[in-house]
Amino acid sequence: MYFSESLGSSIQNIFTHKLRSFLTLLGIIIGVFAVVTMFSTIYGMKTLINEQMKEMGWNNSLIIYPSAGEENVSSHRRHRFRRIPREVKPLTFEDYMHIKKNVKSKYVYGQIDTWQKYLFKDKEENLSLRATNNAFFQSKTYNIKSGRLFNSFENLNSLKVCIIGYNFADKYFEGKNPLGEKISVGNLRYKVIGILDNDKLNSNGINFNSWQRQRDLEAVYIPLSTGAKYLRSNNAIDYLYLQAENENEFSSMKNSTRQNLLVSHNMGHDFSFNNIGALMMNITKEINEKMNQFNITLSAITSISLIVGGIGLFSTLLISINERMKEIGIRKSIGATDYDIFLLFILEALTLSIMGAFGGIFFSTLLIKIVSSLIKFSFPVPIEGILLGLAFSLFIGLASGFYPAYKASKIDPIKAIYYFE
């Protein structure tokens, strides 16, 4: 008997007993549905976390603070430096401009963080006032709702203009348009030129560092040069932030930054690096490893439902042997071998398992698409999850169909023909 004939006979038998085949398929569909859905969900969560961290601006990032000594300097060199009177030089606006001009990076900005008094309805409130430049908003994925960002003239000439956060505008200018208005923060008045939009990063319901980002959107932002001139002495700034284009360029960016700062600080090691990029990469790596372990555990648990479906398939094939006894006897009497009968039954088992696998994959994909549309995040259906579902299903089909197929192939044709007499 040819393979195509065996396959055709198996499919014909499946559609002849529609209800029985459907109930058998149902167990396999549920099992594959559970495996693929669970795998895709964990994979989607990993993708979401990685994308959110990347959009937060933490990957391949570096923060530079003023410091009394560089932590990477050897103890011998630190001892030698102590004997030389040396004034610790703060980071300045000029350092920011120098780094921006001479170091290759994706984003670079300086920042000053301070709390100032803000008079609202005859009541003083503490307000977060931050001096920075436009790269801050770009790295944090904060968009402008109305107005504009700082221009180069305002950045270089310490003009008293400001950009207000979405939450600040919502709280203090409810129902009004603050653009062009002047607000008094501390001892200075600033003209509002822009309003930040609401947080798009957490709009899908996944609260990722939402507390910090909410504080960002409650703050008032002024140009870095303005803050260095009016909020600090000697044009000082609190810290510098740099982000590399990718992981390969991170080391080069860090070394170039170190060299340029040493030159501008007269070889004084009065700054230190906070390598948040390496920290976040380690955290991301640990999260991915935990997710992989979680994925294996959950896939093993959900595969139990597929095993239950396999038991149903095993029972169905065993029952069908008795029903098809006469067919087996006739096939053998006209020349079918044991292998032909074995192939007939094993192909039926594999066909049922493959049909169930595609059914489970279809319903799993449909559910994931519906959930993605509801939470406004595109959960992927990875090819690995589909292959895993197919592999599980084929394995169950082979395991469930082997014994019934072997049993059917060893039936004596004479006894099979006269089985019902």
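Pick from F392, F342: which is closer than 20 Å to A34 by Cα and of a type outside the set (S, T, Y)?
Only one candidate passes the filter, namely F392.
Restricting attention to the range 336-388, report how many residues are of a type in the set (D, E, K, R) and crowded, with 16+ Cβ neighbours inside 10 Å.
The total comes to 2.
Only one residue in K407, K369 is assigned by TED's automatic domain parsing to the domain that holds V32, of a type in the set (D, E, K, R) and closer than 19 Å to T24 by Cβ. Which one?
Testing whether each residue is assigned by TED's automatic domain parsing to the domain that holds V32, of a type in the set (D, E, K, R) and closer than 19 Å to T24 by Cβ leaves just K407.
Just the residues that are modelled with pLDDT of 75 or more, in a loop (DSSP other than H, G, I, E, B) and surrounded by fewer than 18 Cβ atoms within 10 Å (Cβ to Cβ), please, taken from the range 59-89.
The one that is modelled with pLDDT of 75 or more, in a loop (DSSP other than H, G, I, E, B) and surrounded by fewer than 18 Cβ atoms within 10 Å (Cβ to Cβ): S67.
From the list F358, F392, F362, F345, pick out the single residue that is of a type in the set (F, W, Y), touching a residue at least 12 places away in the same chain (Cβ under 8 Å) and closer than 21 Å to S305 by Cβ.
F392
I'm told N255 meets every condition in (1) in a helix (DSSP H, G or I); (2) in contact with a Ser or Thr (Cβ under 9 Å, 6 or more places away or on another chain); (3) modelled with pLDDT of 90 or more except one. Can you identify the failing condition by its number?
For N255, the exception is condition (2).
Answer yes if at least one residue in the range 204-222 is over 22 Å from Y118 (Cα atoms), over 31 Å from the mean Cα position of the chain (by Cα) and part of a loop (DSSP other than H, G, I, E, B), and no otherwise.
The answer is no, given that none of the residues of the range 204-222 is over 22 Å from Y118 (Cα atoms), over 31 Å from the mean Cα position of the chain (by Cα) and part of a loop (DSSP other than H, G, I, E, B).
Criterion first (farther than 18 Å from L217 by Cα and part of a loop (DSSP other than H, G, I, E, B)) does L159 satisfy it?
yes
Take I193 and decide whether it is of a type in the set (V, I, T), farther than 18 Å from A135 by Cα, modelled with pLDDT of 90 or more and crowded, with 18+ Cβ neighbours inside 10 Å.
No, not satisfied.
Here is a yes/no grid of residues against (1) of a type in the set (K, R); (2) under 17 Å from A34 (Cβ atoms); (3) under 19 Å from the mean Cα position of the chain (by Cα):
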position: A349; (1), (2), (3): no, no, no
position: G356; (1), (2), (3): no, yes, no
position: S364; (1), (2), (3): no, yes, no
position: G385; (1), (2), (3): no, yes, yes
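Just to verify a result, which residue in the range 316-335, among those that are surrounded by 14 or more Cβ atoms within 10 Å (Cβ to Cβ) and of a type outside the set (A, V, I, L, M, F, W, C), is nearest to the chain's Cα centre (by Cα)?
Ranking the candidates gives T316 first.
Is it fair to say F150 is among the hydrophobic types (A, V, I, L, M, F, W, C), over 25 Å from the mean Cα position of the chain (by Cα) and within 29 Å of R258 (Cα to Cα)?
Yes.
Tell me, which residue of the range 93-129 that is surrounded by fewer than 18 Cβ atoms within 10 Å (Cβ to Cβ), part of a strand (DSSP E or B) and touching a residue at least 24 places away in the same chain (Cβ under 8 Å) is nearest to the chain's Cα centre (by Cα)?
D113
Look at the range 260-287 and say how many of its residues are out of contact with any strand residue (DSSP E or B) (no Cβ under 6 Å at 6 or more places or on another chain), surrounded by 15 or more Cβ atoms within 10 Å (Cβ to Cβ), at pLDDT 75 or above and part of a helix (DSSP H, G or I).
Result for the range 260-287: 3.
Restricting to helices (runs of 4 or more DSSP H) lying wholly in the range 319-421: which have 2 or more residues that are within 30 Å of T41 (Cα to Cα)?
Here the list reads 338-375, 383-409.
Which residue pairs have Cβ atoms closer than 6 Å, lie 6 or more positions apart in sequence or on different chains, and pair a first residue in the range 8-34 that is free of Cβ contacts under 8 Å to residues at least 24 places away in the same chain and among the hydrophobic types (A, V, I, L, M, F, W, C) with a second residue that is exposed (fewer than 15 other Cβ atoms within 10 Å of the Cβ) and in a helix (DSSP H, G or I)?
Filtered contacts from the range 8-34: no entries.
The values are calculated or read from the model by the stated rules, or taken from the named source; none is laboratory data. Owing to the predicted nature of the structure, the values given are computational and were not obtained by experimental measurement. Glycine also receives a Cβ, built like all others from the backbone with ideal geometry; neighbour counts cover every protein chain displayed.
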